[in-house]
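Peer 1: Just passing along the structure, written as structure tokens.
The values are calculated or read from the model by the stated rules, or taken from the named source; none is laboratory data. Not measured: the values here are computed from a predicted model. We place every Cβ from the backbone using ideal geometry, glycine too, and count neighbours over all the protein chains shown. Accessible surface areas use protein heavy atoms only, side chains included; no ligands, DNA or RNA. Shrake-Rupley method; radii C 1.70, N 1.55, O 1.52, S 1.80 Å.
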Amino acid sequence: MEEHEFVGKCILACSCLAVLFCSRTVEAQNIPYWRSIGLDSLQISAVFAHDDTIWVGAPTVWSIDGVVQRSDVYCSVDGGKTWSAPFPADTCQKGCYNLLGVDPRDIARGFVSTDSGRAIETTDMGRTWKQIWNTGGTLGYIDVSHFEKDVLLADVPFHGLYLSRNDGDTWTQIDISPGIISTGISAKLEAAEGEVPSEPNCYPGETIYGILDPADSSGVYESVYYQTCGAYGEGFYSSRDFGSNWSQDNAGGGFPFIGDAEHPGRLYANVSNGGTNVQTSPDSGRSWYGMTFPDSIVGNWSGIVSAGTAYFVFATGVYMSTDQGSSWEMIPGSDRLPMVTSYSPTHGYAAYGGVAFDSTTGILYVGTTEGLYAYNLVTGIDSPTSLPTRIDLYQNYPNPFNPTTFIDYQLPTASIVTLKIYDVLGREVATLVNGHEAAGTHTVTFSGDRLPSGVYFYRISSSGYFKTMKMELLK
């Protein structure tokens with residue numbers, strides 16, 4: 001068969017499961033050391049996993065400022081082989097749920113919010129549900145205590161932090177000063193002085209992040225920024241009695257952060273709240289220090305700490321630190337994952353909002369704009385230096401591209417290789433490889449700066465093996 005005699009295929013499949021899941025299946029990118037495990041047509045913003053059971057949140061509609069308006073929740077109990085949407089049968093079936101959190105000690109226990117502002121809880125992977133919130137705004141997330149299963153912390157945007165000590169039956173606002181959050185400090189001060197606000201149409205604005213201390217059974221952290229009617233304030237606070245008393249640990253505030261259960265007082269935060277000024281604190285937020293990454297990181301972040309190891313996801317890759325942020329290494333191949341590299345009205349920053357590590361299986365899960373990807377941390381770290389077991393050609397990255405893209409292929413033994421580019425008419429437009437290549441994984445660069453926009457094909461030939469892949473140049 002001649003080199004140009006090949007047929008490209010594109011298959012779209014749609015299947016509905018018994019529990020209300022229907023999704024368009026697309027061909028996932030084949031990225032070295034990583035494997036796609038489903039939901040390829042969805043953007044994943046939140047991930048929780050343990051022993052082949054996985055929860056993900058997949059936003060479907062965003063407002064212009066990146067705030068989730070509608071979302072869906074999916075789960076798998078077989079490591080991503082099959083997925084379902086465990087919604088209550090008597091409610092909206094699509095685009096109505098936001099994943100609020102999952103119990104760190106019990107993967108079957110999850111929390112979601114509905115489009116009507118309710119929050120519901122399941123303890124059996126969605127077979128039954130219990131309502132835990134129905135007043136005072138829609139919840140942004142729920143943090144579950146690492147010590148007591150009935151202790152929950154809820155963030156309610158524009159209302160503050162709420163604590164429940166009876167599994168959501170009752171809630172108490174525990175902010176450092178709840179009146180500031182709900183009414184605005186400037187308006188309160190002017191009213192006390194008998195003055196009329198100079199900006200009658202102004203409204204309070206606030207940013208609050210809070211977590212239960214994973215290393216202290218009654219500890220809570222809160223990061224606050226507020227601005228209203230010409231006044232503003234910020235601060236980072238901690239409480240050792242579930243918010244009854246607070247101490248201010250730092251003047252800065254309003255940034256997302258995570259804690260470390262293995263190292264009491266260790267915190268990680270994105271202090272630029274949308275940028276890449278990621279810092280760490282060894283003393284419960286009283287002091288913060290910058291961290292050095294091996295690359296120039298881009299985009300917002302998400303992160304977790306599992307068994308003392310921190311995992312951070314940026315648009316430019318996935319990084320891990322085993323020494324509390326002193327040094328970081330990028331996980332091989334993660335720079336090829338399909339992340340959004342900057343803010344967009346469609347995706348916001350949540351394209352890299354999901355990362356989870358399953359200590360039972362050693363699998364790291366990362367949510368992307370094209371579904372969920374997995375990396376085996378037990379065997380994957382050594383894989384770049386081990387020889388491949390078969391010849392293979394991977395999907396180019398990025399795709400679509402303009403004008404440059406990368407193509408990876410692997411060889412189990414030294415071989416004669418040809419790698420060529422063709423247009424849609426089968427005409428050869430470039431030869432990237434034509435000669436003897438060593439065993440291992442190889443990367444070549446293709447530039448389409450002199451070619452028109454359109455679909456192109458690249459084809460590898462080696463030792464009787466042929467494979468053709470499709471790519472798109474979009475100028």
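Peer 1: Can you pull the accessible area of L99 for me, 1.4 Å probe, Å² to the nearest 10?
Peer 2: The accessible area of L99 comes to roughly 10 Å².
Peer 1: Ignoring ligands and nucleic acids, what accessible area does W129 show with a 1.4 Å probe (Å², nearest 10)?
Peer 2: Answer for W129: close to 60 Å² accessible.
Peer 1: Give the residues of the range 441-455 whose amide nitrogen is closer than 15 Å to a point set 7 Å from the Cα of K475 in the direction of its Cβ.
Peer 2: 447-455
Peer 1: Next up: Using per-residue counts of other Cβ atoms within 10 Å, averaged over each peptide, order 446-458, 408-420, 210-222, 46-58 from highest down.
Peer 2: 46-58, 210-222, 408-420, 446-458
Peer 1: Expressed in nm to one decimal, what extension gain is obtained for the pair S453 and S218 from 0.36 nm per residue of sequence separation less their Cα-Cα distance?
Peer 2: Difference between extended and current length: 78.7 nm.
Peer 1: Would you work out if the range 359-453 is rounded, prolate or oblate? Take a ≥ b ≥ c from the square roots of the eigenvalues of the alpha-carbon gyration tensor; rounded if a/c is under 1.5, else prolate when a/b is larger than b/c, oblate otherwise.
Peer 2: oblate
Peer 1: By how many nm would the segment from T135 to T445 lengthen if fully extended, with 0.36 nm per residue of separation less the alpha-carbon distance?
Peer 2: Details: separation 310, 0.36 × 310 = 111.60 nm, distance 5.54 nm.
Extra length available between T135 and T445 comes to 106.1 nm.
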